[in-house]
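Q: Please read through the structure below; I'll follow up with questions.
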Amino acid sequence: MLSSIKAKIIIFYLMVLFLSLSVLGIFLYLGLGKIVHDSIDSSLLSRAKALAMLINEDNNETEFKFSDDVMWEYNSPKSKSFFQIRRPDGTAMEKSASLGDSELPFQTGKNQTSFETILLNNKPVRLINFHLHNLVIQCAEDIKDQTNLLKNYRIVLSLSILSIMIISASGGFIIARKALTPVKEISETIDRISESNLSERVTGKNIPSELKGLAASFNRTFDSLEKAFNRQKQFTADASHELRTPLSVILSQSEIALRKERAVEEYRNALAAVTEAAKMMSQIVQKLLTLARLSSDKVELNIEDINICKTIHEAVKLLNPLAEQKGISINISGNEQPVIRGDRAVLLELFTNLIDNAVKYNTPHGKIDISIRKEMDFIVTEIKDTGIGIHEGDLDKVFDRFYRVDKSRSRESGGIGLGLSICEEIVKLHGGRIEIKSKVGEGTNVTVYLKGIKDVT
Ligand SMILES: Nc1ncnc2c1ncn2[C@@H]1O[C@H](COP(=O)(O)OP(=O)(O)OP(=O)(O)O)[C@@H](O)[C@H]1O
Ligand SMILES: [Mg+2]
């Protein structure tokens, strides 16, 4: 219960309210009590003084000249006013008829006027002991009515505090519930969002400004989740599509060859077509595996010091036969010997893919210029070809998986459309970026920035 924000708000709010109302109530009660007691005390003092004025003391003779005018309020047994006159040693001298057989309590040894509240015949009574020469005038008054008034006031005050607390608790509960309703709505929307319903978003005019940031964060997360999910779906669809073509070649060639007895030459042609299609499938599967490995969270790399120049030379060596076939010349420039921490095989794959593109999409007898330089924290490699170039509208798509500008041309040269996606993953793993610029008919310029992987020790 206490883990709920609602309960915490209400309990805190009620505690503060209870403390404030109690302090206020106690002050009001004490204030009223003081006013009541002060007025009783001052009336008792006046009465004692009035009696004192009517007492004559002469040569130890004490004469009480109380007229009926003064005595009327003390005479009745039902009266609520009492008096008793004593010697300082407590000897009773005179008392009001209203006291009947009772006596007002008296303590010897005190010689100053004092007030006290006592019980007389089980009734609360306020008493003054007024000292006058050799006499003590005790005046008392039944304060049952005033005590009742204070008691009632106490009850009304406690009931008011209780009602205010109940009303406030209910109000607080309603306000807290209303304030937290949008949170519930947001969580219900999030619960509804599932694999089949990834496009739903947290919306609503009722979302308070404090929660708009939270809703926006959720929406952003779902946006990127939806994009990633759609990319994944598209990728699976594309991969199946790419594999279907060579598969249908294999199936159809085999079926046709097996339909009837054929000449050796026909079998040879069929097997050649099947081998070609299987090679294509094997290439696709291999590249898909590479891509899956590189983009996995647990990619295992063999990190060592890599001389980028050396790796580029290795890649060029691998592609030289193909370049020579097309009469393309490859030139490498840059005097520095830049070294980064990275995975040799993976970096070789990066440059092989890029130089392979520069050869594949080059014109016969074209040129490839590779330059290596250092720029701030990065080793920058630029691969420039004089090939067919890429249309501006296609430039931002060439890193998409299975994207080929000219499918038929790319397929002719064995292109699957995964090379640049693989390059992008490799560059990301090595703390860098890859940029591509191109002009149709003039050539393409790919720049790779590599920072190197920090060793985790
Ligand atoms: N240097 C370049 N000159 C012109 N077009 C290029 C160049 N590099 C890439 N492209 C275009 O970008 C597309 C994607 O390139 P990518 O390397 O990803 O795939 P691919 O070369 O077709 O196949 P592969 O997976 O075998 O590399 C290519 O199909 C091609 O159209
Ligand atoms: Mg390629």
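Q: Can you find even one residue in region 290-304 that is in a helix (DSSP H, G or I) and free of Cβ contacts under 8 Å to residues at least 12 places away in the same chain?
A: yes
Q: Out of everything in region 273-289 that is within 16 Å of ligand 2 (Cβ to nearest atom) and crowded, with 18+ Cβ neighbours inside 10 Å, what residue ends up being farthest from Leu347 (Cα to Cα)?
A: Met280
Q: Could you check region 405-422 and list, in sequence order, the residues that are part of a loop (DSSP other than H, G, I, E, B) and modelled with pLDDT of 90 or more?
A: Selection gives Gly417, Leu418.
Q: Looking at (1) closer than 30 Å to Met71 by Cβ; (2) surrounded by fewer than 14 Cβ atoms within 10 Å (Cβ to Cβ), which is the one condition that is false for Gln138?
A: (2)
Q: Here's another thing I want to ask about it. Name every residue in region 92-107 that is in contact with a strand residue (DSSP E or B) (Cβ under 9 Å, 6 or more places away or on another chain) and assigned to a loop (DSSP other than H, G, I, E, B), in order of residue number.
A: Ser96, Ser102, Glu103, Leu104, Pro105, Phe106, Gln107
Q: Which of (1) touching a helix residue (DSSP H, G or I) at 6+ places or on another chain (Cβ under 8 Å); (2) closer than 30 Å to Leu429 by Cβ; (3) at pLDDT below 85 does Gly204 not meet, given it meets every other one?
A: Result: Gly204 passes all but (2).
Q: Any idea which of Glu349, Glu392 is within 52 Å of the chain's Cα centre (by Cα) and more than 12 Å from ligand 2 (Cβ to nearest atom)?
A: The unique qualifying residue is Glu392.
Q: Further question: Enumerate the pairs (first residue in region 63-88 and under 15 Å from Arg47 (Cβ atoms) and assigned by TED's automatic domain parsing to the domain that holds Asp142; second residue anywhere and among the β-branched types (Val, Ile, Thr) and crowded, with 19+ Cβ neighbours inside 10 Å) with beta-carbon separation below 6 Å, excluding pairs fewer than 6 apart on the same chain, so at least 6 apart or on different chains.
A: Ile85/Ile137
Q: For Tyr361, indicate whether it is surrounded by fewer than 19 Cβ atoms within 10 Å (Cβ to Cβ), within 28 Å of His241 (Cα to Cα), within 16 Å of ligand 2 (Cβ to nearest atom) and of a type outside the set (Val, Ile, Thr).
A: Considered against the rule, which asks whether it is surrounded by fewer than 19 Cβ atoms within 10 Å (Cβ to Cβ), within 28 Å of His241 (Cα to Cα), within 16 Å of ligand 2 (Cβ to nearest atom) and of a type outside the set (Val, Ile, Thr), Tyr361 comes out as no.
Q: Keeping to region 50-91, report how many residues are in a strand (DSSP E or B) and charged (D, E, K, R).
A: Final tally of qualifying residues: 5.
Q: So, in region 6-49, exactly how many residues are touching a residue at least 12 places away in the same chain (Cβ under 8 Å) and farther than 18 Å from Arg86 by Cβ?
A: 19
Q: For residues that are assigned to a helix (DSSP H, G or I) and aliphatic (A, V, I, L, M), scanning just region 186-222, find the one that is farthest from Gln232 (Cα to Cα). Give the steps one after another, and end with the answer.
A: Looking only at region 186-222, we keep the residues that are assigned to a helix (DSSP H, G or I), and these are 186-192, 195-197, 209-222.
In the following step, the residues that additionally are aliphatic (A, V, I, L, M) were identified as 186, 190, 211, 214-216.
Numbers: Ile186: 27, Ile190: 21, Leu211: 31, Leu214: 27, Ala215: 25, Ala216: 24 Å.
Selected residue: Leu211.
Q: Still on this structure, please answer the following. Looking at (1) farther than 27 Å from Thr245 by Cα; (2) within 15 Å of ligand 1 (Cβ to nearest atom); (3) without any contact (Cβ under 8 Å) to a residue 60 or more places away in the chain; (4) not aliphatic (A, V, I, L, M), which is the only condition Lys374 fails?
A: (2)
Q: What do you reckon, is Asp385 in contact (Cβ under 8 Å) with a residue 12 or more places away in the chain, within 11 Å of ligand 1 (Cβ to nearest atom), in contact with a helix residue (DSSP H, G or I) (Cβ under 9 Å, 6 or more places away or on another chain) and of a type outside the set (Ser, Thr, Tyr)?
A: Yes, satisfied.
Q: Let me ask something additional. Considering only region 171-196, state which residues are closer than 22 Å to Ile10 by Cα and without any contact (Cβ under 8 Å) to a residue 60 or more places away in the chain.
A: In the first step, residues of region 171-196 are kept if they are closer than 22 Å to Ile10 by Cα; the result is 171-185.
Selection gives Gly171, Ile174, Ile175, Lys178, Ala179, Thr181, Pro182, Val183, Lys184, Glu185.
The values are calculated or read from the model by the stated rules, or taken from the named source; none is laboratory data. Owing to the predicted nature of the structure, the values given are computational and were not obtained by experimental measurement. Here Cβ is always computed from backbone atoms with ideal geometry, including for glycine, and neighbour counts include all displayed protein chains.
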